[in-house]
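The values are calculated or read from the model by the stated rules, or taken from the named source; none is laboratory data. Computed from a predicted structure; not experimentally measured. Cβ sites come from the backbone with ideal geometry, for glycine too, and all protein chains shown count toward neighbours. Ligands, DNA and RNA are excluded from the accessible area calculation, which covers all protein heavy atoms including side chains. Shrake-Rupley method; radii C 1.70, N 1.55, O 1.52, S 1.80 Å.
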Amino acid sequence: QQQVRQSPQSLTVWEGGTTVLTCSYEDSTFNYFPWYQQFPGEGPALLISILSVSDKKEDGRFTTFFNKREKKLSLHIIDSQPGDSATYFCAARDQGGRALIFGTGTTVSVSP
Amino acid sequence: EAAVTQSPRNKVAVTGGKVTLSCNQTNNHNNMYWYRQDTGHGLRLIHYSYGAGSTEKGDIPDGYKASRPSQENFSLILELATPSQTSVYFCASGDENTLYFGAGTRLSVL
């Protein structure tokens, strides 16, 4: 069973628009939530992360929000650029976790 | 200079054959991981290691073995490859919060 659920599977946005990706999880022991960005032919790379003690983290055009009560997180990309076209994975880890658990990924296409 | 290097980058194997995927890291991380990536499943953990000589089962270990002979090297072994193991395999090294991935190995089992 998928412990970290991610939606949508894919989406297309216009250049300059805002991209919104969402994830949900069940395990309340999860306390660390990174987002990874993957370009075609490459491995994923850490984009931004948030701890469960926070509800928002911002890094340039990328912001991640965390809602502990609803067990949901989201990634917002403002002023989306064609160079943002990639697959984005949310992930989770618990306090004693051995490894990150990844969502199924969202493929984003930004059209000029 | 890539800190996590996987080889080969592409591999075609026959059903029932033995396949070894290799990974080398220069990050000096204790932890190393093997994931496979499939559409609709994301990245799934196969095996991981806390250091030289240690290997642990991940979420989908069946049909795979792992070997960690040194801090730098971590191999994934398919003793009897099956078509269901056709996938893209990623090795990663990291600390508890950040993983550094290699570029992946695309494996096709015919």
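Chains A and B: how much accessible area gets covered up at their contact, both sides added, probe 1.4 Å, in Å² to the nearest hundred?
1600
Evaluate peptide A:25-38: per residue, the Cβ atoms of other protein chains within 10 Å of its Cβ; return the mean as an integer.
Numbers: counts 0, 0, 0, 0, 0, 0, 0, 2, 0, 3, 0, 4, 0, 5.
Per residue, the number of nearby Cβ atoms from other chains is 1 on average.
Solvent exposure of the protein assembly as shown, expressed per residue, is 47 Å² of accessible area, with all protein chains present and a 1.4 angstrom probe.
Ranked by the mean number of other Cβ atoms within 10 Å per residue, highest first, peptides B:31-43, A:74-86, B:80-92 order as B:31-43, B:80-92, A:74-86. Couplings 3J(HN,Hα) of segment B:88-101, computed from phi: 10, 10, 10, 9, 9, 10, x, 9, 6, 10, 10, 9, 10, 9 Hz, in residue order, whole Hz [Karplus 6.51 cos²θ - 1.76 cosθ + 1.60, θ = phi - 60°; x for Gly and Pro]. Across segment A:97-112, coupling constants 3J(HN,Hα) worked out from phi with the 6.51/-1.76/1.60 Karplus curve, θ = phi - 60°, read x, 8, 7, 6, 9, 9, x, 7, x, 10, 8, 10, 10, 10, 8, x Hz, and Gly and Pro carry x.
DSSP loop (so not H, G, I, E, B), at most 16 other Cβ within 10 Å: list which GluC sites (Glu not before Pro) in segment B:47-104 pass both filters. Mind dumping the intermediate values first?
Details: sites: B:GLU56, B:GLU72, B:GLU79, B:GLU96; in loops: B:GLU72, B:GLU79, B:GLU96.
Within segment B:47-104, the qualifying GluC sites (Glu not before Pro) (loop, at most 16 other Cβ atoms within 10 Å) are B:GLU79, B:GLU96.
Within the shell of other residues whose beta carbon sits under 15 angstrom from the beta carbon of A:ARG98, the net charge comes to -2, with Lys and Arg scored +1 and Asp and Glu -1. Burial of accessible area (probe 1.4 Å, heavy atoms of protein chains only) in segment B:84-102, relative to its chain alone, reaches at least 20 Å² for B:PHE90, B:GLU96, B:ASN97, B:THR98, B:LEU99, B:PHE101. The residues of segment A:43-74 occluded by other protein chains by 40 Å² or more of accessible area, set against the chain on its own, are A:PRO44; surface from heavy atoms, 1.4 Å probe.
Under 17 Å from a point placed 7 Å out from the Cα of A:ASP79 along the Cα-to-Cβ direction: which residues of segment A:48-71 have their backbone N that close? Zone members listed by number: A:58-64. Between A:SER28 and B:TYR50, the FRET efficiency from the beta-carbon distance, with R0 = 25 Å, is close to 0.45. Restricting the chymotrypsin sites (Phe, Trp or Tyr not before Pro) of segment B:38-84 to loop positions (DSSP other than H, G, I, E, B) with no more than 16 neighbouring Cβ atoms within 10 Å leaves B:TYR50. Local charge for B:GLY42 was computed over the other residues whose Cβ lies under 13 Å away, with Lys and Arg +1 and Asp and Glu -1, and equals +1.
Net charge around A:SER85, counting only other residues with Cβ within less than 15 Å of its Cβ (Lys, Arg = +1; Asp, Glu = -1)? Provide the component values of the computation, followed by the final result.
Working: positive: A:ARG61; negative: A:GLU15, A:GLU42, A:ASP79, A:ASP84.
Result for the local shell: -3.
Rounded to the nearest Hz, the phi-derived 3J(HN,Hα) couplings of segment B:24-36 under the Karplus curve 6.51 cos²θ - 1.76 cosθ + 1.60 (θ = phi - 60°) are 10, 10, 10, 7, 6, 7, 6, 8, 9, 9, 10, 10, 10, where x marks glycine and proline. Apolar share of the accessible surface for segment B:4-109: 47 percent from carbon plus sulfur atoms, 1.4 Å probe.
Within the accessible area of chain A, the carbon and sulfur atoms contribute 48%, probe 1.4 Å, all protein chains present. Taking the centroid of alpha carbons for each part, segment B:1-71 and segment A:34-75 are 25 Å apart.
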